[in-house]
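The values are calculated or read from the model by the stated rules, or taken from the named source; none is laboratory data. The shown structure was predicted, so the numbers you read here are calculated from the model rather than taken from an experiment. Reconstructed Cβ throughout: ideal geometry from the backbone, glycine too, with neighbour counts over all protein chains shown.
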Amino acid sequence: MIAQEKRVRARDLGISIGILPTGKWNAITDVEGVKVGHVSVIQGDSVRTGVTAIIPHDGNIFQDKVPAAVYVGNGFGKLMGISQIRELGNIETPILLTNTLNAPKVADALIDYMIHLPGNEKVRSVNPVVGETNDGGLNDIRGRHVHKEHVFQSLKEAKTGPVAEGNVGAGVGTETLGFKGGIGTASRKLPPSKGGYTVGVLVQSNFGGVLQINGAPVGRELHNFYMMEKKEPHKVDGSCMIIIATDAPLSPRNLERLAKRSYIAFGNVGAFSSNGSGDYSIAFSTHPACRVPYNGKTIEMEVKDVHNDEMSALFMAVWEATEEALLNSLFMAEDMTGINKRTVRSLPIKETLQILKKYNVLNHDKLPKATTK
């Protein structure tokens, strides 16, 4: 048995992405009010799956909806709730992530959770938002092992503060760029001159390509990449869910623009959205002035929105946070053995650091810093 390397986040190894500072936790929970809950479902030698919940605020989200948007990078996925988000520009439930065949079951449980919340006694329509990736390479996905109790537990145990990463929740059975993938998160804080806003990102990574870190061809150097001839073909399909939260006051239009920029990071790490990859970005704003009440008291609404000309700093923040979150999903994941005794190895940290030193892409944070004024 090969000894596991200690797993650490990318930044702790001297891998800095971009120029902006992180929030306190360097996680999506740096956006005030956002909570994350994981439930991992690991049973016997073939069940390797789970569910992850992202809750935008402490209140009743159905009664106090948040503006939101979706960007579709490649639509080979089973994202539930997408049409209403696009039509109305908001979400009214927590966002749940799981595996492909469990998405309908998780959505059913989420509906049950929402209609039984105090204040929702007369609700007769709910748009559950459930994203997924296919973990069938390690998990008995046909068994559909995520049940209602797992969903309720993920919502009940959701919290702020540090977020568990790697082989946890919806990331238990995923694999990315030829290595074990999983959950990753990161955040960025804008300077006061740009609004002082926070952008946080959480990813469920499960896709193929050729791994790059700060431009260094890590996948190629490690001889593990798509199209390489080897005994077991490199997994290229599978999907990626990118969840973006911000406290900036943004309309659904600008949230969609924000979500698009996450795709820059997706390409930067070596992904290219294969035919069978369902790659989606969901962005929402937690700003109180942007909330959409279920029972509006007036005919008209005043919508607060950042000016178009002031969006660039937010675009940079989402690129940086997404790229770091994707890398964290790799660096924090551990080796995993699952169905049919198949093992997916984690990214080898020692060898990766040697490659990064070779290409001189470590410790960029020692360069002149961005303005904080």
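Has the range 293-304 got at least one residue that is buried (at least 21 other Cβ atoms within 10 Å of the Cβ), farther than 28 Å from Leu327 by Cα and aliphatic (A, V, I, L, M)?
Here is the first cut: in the range 293-304, the ones buried (at least 21 other Cβ atoms within 10 Å of the Cβ) are none.
Looking for residues that are buried (at least 21 other Cβ atoms within 10 Å of the Cβ), farther than 28 Å from Leu327 by Cα and aliphatic (A, V, I, L, M), one finds none in the range 293-304, hence no.
Restricting the range 277-312 to residues that are part of a strand (DSSP E or B) and of a type outside the set (Val, Ile, Thr) leaves a set whose member that is nearest to Gly195 (Cα to Cα) is Ser285. The C-beta contact set for the range 303-317 (first residue of a type in the set (Phe, Trp, Tyr) and at pLDDT below 95, second residue crowded, with 16+ Cβ neighbours inside 10 Å and in a helix (DSSP H, G or I), distance under 9 angstrom, 6+ apart or interchain) is empty. For the range 274-316, the set of residues classified as of a type in the set (S, T, N, Q) and either closer than 28 Å to Ile264 by Cα or within 22 Å of the chain's Cα centre (by Cα) (or both) consists of Ser274, Asn275, Ser277, Ser281, Ser285, Thr286, Asn308, Ser312, listed by residue number.
Among strands (runs of 3 or more DSSP E) lying entirely in the range 36-103, which contain 2 or more residues that are under 12 Å from Pro128 (Cβ atoms) and of a type outside the set (Phe, Trp, Tyr)? Walk me through how you get there before you give the answer.
Details: elements: 47-55, 64-75, 95-99.
The qualifying strands (runs of 3 or more DSSP E) are 95-99.
Working carefully through the options Thr343, Thr322, Thr286, find the one that is under 20 Å from Lys180 (Cα atoms), polar (S, T, N, Q) and in contact (Cβ under 8 Å) with a residue 60 or more places away in the chain.
None of the others qualify; the one that does is Thr322.
Taking the numbered list (1) of a type outside the set (Val, Ile, Thr); (2) closer than 30 Å to Leu356 by Cβ; (3) part of a helix (DSSP H, G or I); (4) out of contact with any Ser or Thr (no Cβ under 8 Å at 6 or more places or on another chain) in turn, Ser274 passes all entries but (3).
Inside the range 154-178, residues that are surrounded by 24 or more Cβ atoms within 10 Å (Cβ to Cβ), within 24 Å of Gly136 (Cβ to Cβ) and either of a type in the set (D, E, K, R) or touching a residue at least 60 places away in the same chain (Cβ under 8 Å) (or both) make up a count of 13. Cβ-Cβ distances below 8 Å connect the following pairs, each with a first residue in the range 254-266 that is touching a residue at least 40 places away in the same chain (Cβ under 8 Å) and at negative phi, a second residue that is assigned to a helix (DSSP H, G or I) and surrounded by fewer than 19 Cβ atoms within 10 Å (Cβ to Cβ), and a separation of six or more residues or different chains: Asn254/Asn308; Arg257/Phe315; Leu258/Phe315; Arg261/Phe315. Checked against (1) in contact with a Phe, Trp or Tyr (Cβ under 8 Å, 6 or more places away or on another chain); (2) surrounded by fewer than 17 Cβ atoms within 10 Å (Cβ to Cβ); (3) not hydrophobic (A, V, I, L, M, F, W, C), Arg142 meets all criteria but (1). For the range 79-129, what are the residues that are under 15 Å from Arg144 (Cα atoms) and touching a helix residue (DSSP H, G or I) at 6+ places or on another chain (Cβ under 6 Å)? Result: Leu97, Thr98, Asn99, Leu101, Val106, Ala109.
For (1) within 22 Å of Glu323 (Cβ to Cβ); (2) among the hydroxyl-bearing types (Ser, Thr, Tyr); (3) buried (at least 17 other Cβ atoms within 10 Å of the Cβ), each residue gets a yes or a no:
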| position | (1), (2), (3) |
| --- | --- |
| Gln4 | no, no, no |
| Arg9 | yes, no, yes |
| Ile15 | yes, no, yes |
| Thr22 | yes, yes, yes |
| Thr29 | yes, yes, yes |
| Lys35 | no, no, yes |
| Thr52 | yes, yes, yes |
| Val70 | yes, no, yes |
| Met80 | no, no, yes |
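Every residue in the range 151-173 that is among the hydrophobic types (A, V, I, L, M, F, W, C) and over 17 Å from the mean Cα position of the chain (by Cα), please.
If the condition is that a residue be among the hydrophobic types (A, V, I, L, M, F, W, C) and over 17 Å from the mean Cα position of the chain (by Cα), then Val151, Phe152 are the ones that fit.
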